[in-house]
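The values are calculated or read from the model by the stated rules, or taken from the named source; none is laboratory data. Here the structure is a predicted model, which is why all the values come from computation and not from measurement. Here the Cβ is made from the backbone with ideal geometry for all residues, glycine too, and neighbour counts use every protein chain on show. Calculation scope for accessible area: heavy atoms of the full protein, side chains included, ligands and nucleic acids excluded. Shrake-Rupley method; radii C 1.70, N 1.55, O 1.52, S 1.80 Å.
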Amino acid sequence: MKNRRAFLVVLDACGIGAMPDWQLFDDPPGANTIVNVAKFCGGLNIPNLQKLGIGNIAPILGVEATNKPIGSWGKAAETSMGKDTTTGHWEMAGLIVEKPFPVYPEGFPSEIIDEFILRTNCGGVLCNKPASGTEVLDKLGEAHLSSGWPIVYTSADSVFQIATHVDRIPLETLYSWCESAREILSGEHEASRVIARPFAGESKSAGGKGFYRLSEHRHDYAIKPRGRTLLNFLLDKGFETVSIGKINDIFCSEAISKALDGKSNEKCLENITQFIHSKNDSKNQFVFANLVETDSHFGHRNNAEGFADALQKIDLEVGNWINILKEDDLLILTADHGCDPTVPGTDHTREYVPILAYSPSLPPKSLGTRTSFTDTAATIADWFGLKSEWEKQQFPGVSFI
């Protein structure tokens with residue numbers, strides 16, 4: 001078999017309908033990210049995703065179902081008990097999270113906060129409760145500038161987020177504080193991620209234009225996967241495993257042979273396109289990418305128009321990919337959870353995720369409703385001719401190609 005490539009691209013937070021157990025996750029009723037964004041905006045213009053079959057998965061305003069999709073289409077339920085970045089990505093890489101990560105709806109307990117203050121010598125913390133990352137800057141940015149205390153907050157996800165102003169706390173200090181938090185959060189308090197959230201600007205009350213996040217300097221401190229993933233499996237076979245965007249952070253650099261930038265959608269799309277254009281003469285390659293802005297910039301900020309615009313920009317690049325993918329290339333587009341900007345709240349939503357798969361050498365078909373994200377990992381193993389070895393090593397998932 002000739003060397004092959006597989007591209008797994010995550011459209012962050014692009015869920016496609018609430019799962020039956022949504023109430024267990026304190027979701028608002030009616031979450032259906034892509035469908036609701038389309039309704040809110042009077043329709044979506046995503047012709048390339050439409051050609052792949054996204055309109056055949058669910059009724060999406062402006063995106064009619066097509067009689068002859070060029071790709072395979074379906075949706076998947078999450079087996080892991082979560083609706084966060086880590087569980088979603090780990091599961092699509094073949095690792096089910098049996099024990100949910102801890103969440104902190106009342107804020108972090110005193111033993112965690114006290115130890116954090118002691119280790120960092122930061123003097124104290126502000127907030128310590130679930131909060132919107134942008135709203136908390138408006139409410140506490142001035143207090144942070146005055147005191148120097150970091151803004152520590154969480155969400156419905158298992159995250160310990162630390163926000164500091166770059167003119168008050170140097171980035172190196174913020175990152176050091178995050179590393180301390182990562183060490184503290186272990187055992188029963190093993191939160192999924194610690195996230196550095198630097199910001200800049202001046203408050204509106206002081207005559208400025210307001211505070212804003214510096215997304216390019218965000219850094220995630222995750223925990224290492226709790227078992228082997230598709231990345232380990234392929235790297236052990238001598239494949240090149242490439243991450244683009246925050247994938248490297250999510251997997252703590254585990255079994256990733258090359259990490260490329262992608263903190264903005266623009267840069268991530270550029271790197272994916274360049275990789276698809278490149279020649280593949282030396283070895284099999286697996287490229288794992290995340291397009292984060294639908295989640296971070298728009299889903300969490302209840303900005304349906306921005307979400308739609310970001311999805312439509314992604315669609316334009318998907319059209320380029322369709323034209324240049326080779327016979328030995330496989331493209332899978334999916335999501336890790338929902339984050340419906342049209343329903344109350346700013347948290348992730350427990351949703352099915354779309355699956356769109358395309359290769360010039362594969363006939364299109366309906367994939368139905370998959371019972372686990374792990375089917376994506378099994379499919380990629382199968383694409384590389386490793387189906388039997390995947391099954392022998394007792395990885396979960398069923399191939400759909």
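Is it the case that some residue within the range 141-164 is touching a Ser or Thr at 6+ places or on another chain (Cβ under 8 Å) and among the acidic types (Asp, Glu)? Looking through the range 141-164, at least one residue is touching a Ser or Thr at 6+ places or on another chain (Cβ under 8 Å) and among the acidic types (Asp, Glu). Scanning the range 248-304 for residues that are closer than 19 Å to Leu235 by Cβ, of a type in the set (D, E, K, R), within 15 Å of the chain's Cα centre (by Cα) and modelled with pLDDT of 95 or more yields a count of 0. When the residues of the range 1-42 are filtered to those that are among the polar types (S, T, N, Q) and not in a loop (DSSP other than H, G, I, E, B), the one that is surrounded by the fewest Cβ atoms within 10 Å (Cβ to Cβ) is Gln23. Checked against the criterion of being free of Cβ contacts under 8 Å to residues at least 40 places away in the same chain, more than 16 Å from the chain's Cα centre (by Cα) and assigned to a loop (DSSP other than H, G, I, E, B), the candidates Thr79, Thr66 yield just one match: Thr66. Considering the range 282-401, the qualifying strands (runs of 3 or more DSSP E), each wholly inside and each with 3 or more residues that are under 20 Å from Asn32 (Cα atoms) and open to solvent by 10 Å² or more (accessible area, probe 1.4 Å), run over 366-370.
Among the numbered conditions (1) touching an Asp or Glu at 6+ places or on another chain (Cβ under 8 Å); (2) open to solvent by 20 Å² or more (accessible area, probe 1.4 Å), the only one that His277 does not meet is (1). In the range 86-99, the count of residues that are surrounded by fewer than 24 Cβ atoms within 10 Å (Cβ to Cβ), out of contact with any helix residue (DSSP H, G or I) (no Cβ under 6 Å at 6 or more places or on another chain) and closer than 23 Å to Pro360 by Cα is zero.
Rundown of residues vs (1) over 15 Å from Tyr104 (Cβ atoms); (2) touching an Asp or Glu at 6+ places or on another chain (Cβ under 7 Å); (3) in a helix (DSSP H, G or I); (4) open to solvent by less than 10 Å² (accessible area, probe 1.4 Å), yes/no style:
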site	(1), (2), (3), (4)
Gly123	yes, no, no, no
Cys127	no, no, no, no
Asp138	yes, no, yes, no
His144	yes, no, yes, yes
Trp149	yes, no, no, no
Tyr153	no, no, no, yes
Ile162	no, no, no, yes
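Within the range 268-284, none of the residues are of a type outside the set (S, T, N, Q), farther than 22 Å from Asn323 by Cβ and in contact with a helix residue (DSSP H, G or I) (Cβ under 6 Å, 6 or more places away or on another chain). Could you check, for the range 106-117, whether at least one of its residues is farther than 29 Å from Ala357 by Cβ, open to solvent by 30 Å² or more (accessible area, probe 1.4 Å), aliphatic (A, V, I, L, M) and over 19 Å from the mean Cα position of the chain (by Cα)? Yes, there is a match, as at least one residue in the range 106-117 is farther than 29 Å from Ala357 by Cβ, open to solvent by 30 Å² or more (accessible area, probe 1.4 Å), aliphatic (A, V, I, L, M) and over 19 Å from the mean Cα position of the chain (by Cα).
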